[in-house]
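Step one of this worksheet: look at the structure below.
The values are calculated or read from the model by the stated rules, or taken from the named source; none is laboratory data. Predicted, not measured: the structure shown is a model, and the values here were computed from it. For neighbour counting, all protein chains shown are included, and Cβ atoms are generated from backbone atoms with ideal geometry for every residue, glycine included. Ligands, DNA and RNA are excluded from the accessible area calculation, which covers all protein heavy atoms including side chains. Shrake-Rupley method; radii C 1.70, N 1.55, O 1.52, S 1.80 Å.
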Amino acid sequence: MKGNPASLQRLYSAILLLLVWIALASVFPPHIVPGPVVVLENVWENVTAQGAFSSQGAFFHIYKTVLRVVLGLVFAMIWGTAIGVVMGVSARGEKFFDGWVMVGLTIPAIVYGMVTLMWFGLNDFAAVMAIGVTAFPSVCINIWHGVKDIDMQLVDMAKVFQLQRGEIVRKVILPQIVPFILAATRYALGISWKICTTVELIGMSSGVGFMLNYWFGLFSMPQVFAWTFTFMVVLFLIEFGIIKPVERHLLAWRPAVHV
Amino acid sequence: MSAGKIAIRELVKVFRSPAGGEVRAIDGLSFGVPEGAFVSVLGPSGCGKSTLLNIMAGLDRPTSGEIQIDGRAITDQDRPRIGFVFQQPRLLPWRTIEGNLWLPLERTGNRAAGRAVIERYVELVGLRGFERYYPGQISGGMQQRVAIARALIMEPEILLMDEPFSNLDEMTARKMRAELIRIWQKTGKTIIFVTHDISEAIFLSTRVILTTRRPARIYRDLSIDLPVPRRYDDDRLFEIEKEVMRDFLQYMEDTEGAPPPEMGRPGGAGGEVLLGGY
Ligand SMILES: Nc1ncnc2c1ncn2[C@@H]1O[C@H](COP(=O)(O)OP(=O)(O)OP(=O)(O)O)[C@@H](O)[C@H]1O
Ligand SMILES: [Mg+2]
């Protein structure tokens, strides 16, 4: 798979998006659709301001959001994987948990946010729990399917070739679940950002969601755009800086999908 | 009183079918295999041949009866070194060809020796140059050859092969058969070789066991007392083949459409009414 055509495609689509944005911004006034220049100016101001790294500075808010998301994600991955594995290997476990998972999936995320904030107070722990509980069911479902999907014929093969239990888990079972773990991580990450900003908006005094709410209160459209943009940059960094490379490394054996 | 390398006694295997009924795959199969024999098992599709190999490899338990290897029952702890070429290649898709061949060798731990052995077997199955390919990047026949190399590479005492050459073109298959015979003659392995192909069975083996339709019992057990390696154009082979083929096709024809015993329930008048057209 040559990188060229794909990244070219990406460049085209980014340019198109930018053009649409510029076009809209030239039609509407800045308090409705601020243009790229205005937004970037605001971002620049935020991140270069005196005390950008201090508490209440831009980087502090970004750091807070990232921290909450990561901790919540870790919580969801650990529990989701544990319960998902139980559901995958045992029919009893499956019957026991699948109702919970379905209910967990249908309850609106905001409810988890409200409940944890009311239970634990307006603190980071509550935010992390809200994120963890929200992301848990989708992690669980992915891992559950991954475990059910394990090719037992390969496990039999490994038994014949006299691999020990531990070796079978490491060399035959785990590699089969890795794609599901990656999918679960990416999906859970998407959910986590959204619920994190929501919780920050309703109950926190720091984080990107808090800043969005702050500028919303002041009716500053350029700053709302600026923070959204900042947020997207962080997401891109995580996607292309961490998830994609890890994925490429772990799934190198997969034939490239051409759609 | 050695019963030979492998002794199969009154083997019965009954599966639970998805519908909840029972499928009798093997019904009281008994035979012994002396050390160093090359036995082909030949039978209609779905009669229980793969099931037999699975039980031999310790992957499945018989419903009753037993299989002994070297006079001992197969247990989880202590099983003889068995090489198994499955009906499907069963390669690890995330490992290269080389990586797949490492799988049975990794526990021995000797990298340098392992590398040399792998190189030899890659050469043997004609896959030189494909060592770094993933299974998804090579053809089905090539995958099957990797699986054959993997089974041979661990120097098994017993080699179980489930239609290993059925995916190969005739030229490649002939080459692989010649190699198999060469390895067998050199190492004296005991080989159980499942196939659909009567001429292949007769060409390769010292003994051919033909099984009935499911549930598998022995239909015919014949020794092929011809020197090895054999030639494809040997008239004696051809004579045996003709006779066996005629006989077996007749058997297949006679039993065509006959329901397997477990489907005709005792006293189940329902089926007969329909057939009799009362
Ligand atoms: N795990 C299982 N559960 C239920 N039935 C099974 C199972 N494995 C095999 N069977 C049944 O047992 C019978 C024998 O299967 P087996 O795979 O041994 O046949 P085979 O002789 O190898 O056939 P083929 O030549 O087509 O490979 C089949 O009717 C199959 O449906
Ligand atoms: Mg079979």
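Annotations for the structure displayed:
- Inverting the pair-averaged 1/r between distinct Cα atoms of region A:171-224 gives 13.2 Å as its Kirkwood hydrodynamic radius.
- Integer Hz, Karplus 6.51/-1.76/1.60 couplings in order for region B:12-22, x for Gly and Pro: 10, 9, 10, 9, 8, 7, x, 6, x, x, 10
- Alpha carbon convex hull of region A:57-220, volume per residue in cubic angstrom: 119 Å³
- Over 28 Å between alpha carbons, listed pairs A:Lys64/A:Lys171; B:Lys49/B:Lys175; A:Lys171/A:Lys194; B:Lys49/B:Lys242: A:Lys64/A:Lys171; A:Lys171/A:Lys194
- Here's the picture: a label point sits 7 Å out from the Cα of B:Ser199 along the beta-carbon direction, and within region B:139-168 the residues with their amide nitrogen under 20 Å of it are B:163-168.
- Region A:168-185 - phi-based ³J(HN,Hα) in whole Hz, Karplus 6.51/-1.76/1.60, Gly and Pro as x: 4, 4, 6, 9, 10, 8, 4, x, 6, 8, 3, x, 6, 5, 5, 4, 4, 4
- Sparsely packed loop sites in region B:75-119 (the trypsin sites (Lys or Arg not before Pro) outside DSSP H, G, I, E and B with at most 16 other Cβ atoms within 10 Å) comprise B:Arg81, B:Arg107.
- Surface share of carbon and sulfur [accessible, 1.4 angstrom probe, percent] for region B:93-242: 49 percent
- Cα Rg over Rh - chain B, Kirkwood: 1.00
- 0 to 90° range, to nearest 10: angle between helix B:111-124 axis and chain B longest Cα axis: 60 degrees
- What the Cα convex hull of region B:31-108 gives, in volume per residue, is 156 Å³.
- Peptide A:161-168 is shielded by partner chain Cβ atoms: per residue, an average of 4 of them sit within 10 Å of its Cβ.
- Among B:Thr255, A:Thr197, B:Ala73 - extreme Cα towards positive end, dipole of the protein assembly as shown, charges at beta-carbon: A:Thr197
- Helix-only CD estimate at 222 nm, as mean residue ellipticity for chain A, using -39500 (n - 2.57) per DSSP H run (n ≥ 4): -26000 deg cm²/dmol
- Among B:229-240, A:182-193, the order from most to least packed when residues are scored by Cβ within 10 Å on average: A:182-193, B:229-240
- Peptide A:147-160 has a mean shielding of 5, counted as Cβ atoms of other protein chains within 10 Å of each residue's Cβ.
- Heavy-atom surface analysis with a 1.4 Å probe gives region A:21-158 a carbon and sulfur content of 73 percent of its accessible area.
- Partner shielding of B:227-235 amounts to 0, given as the average count of beta-carbon atoms from other chains within 10 Å of each residue beta-carbon.
- Distance distribution note for the protein assembly as shown: the fraction of Cα pairs above 35 angstrom is 55%.
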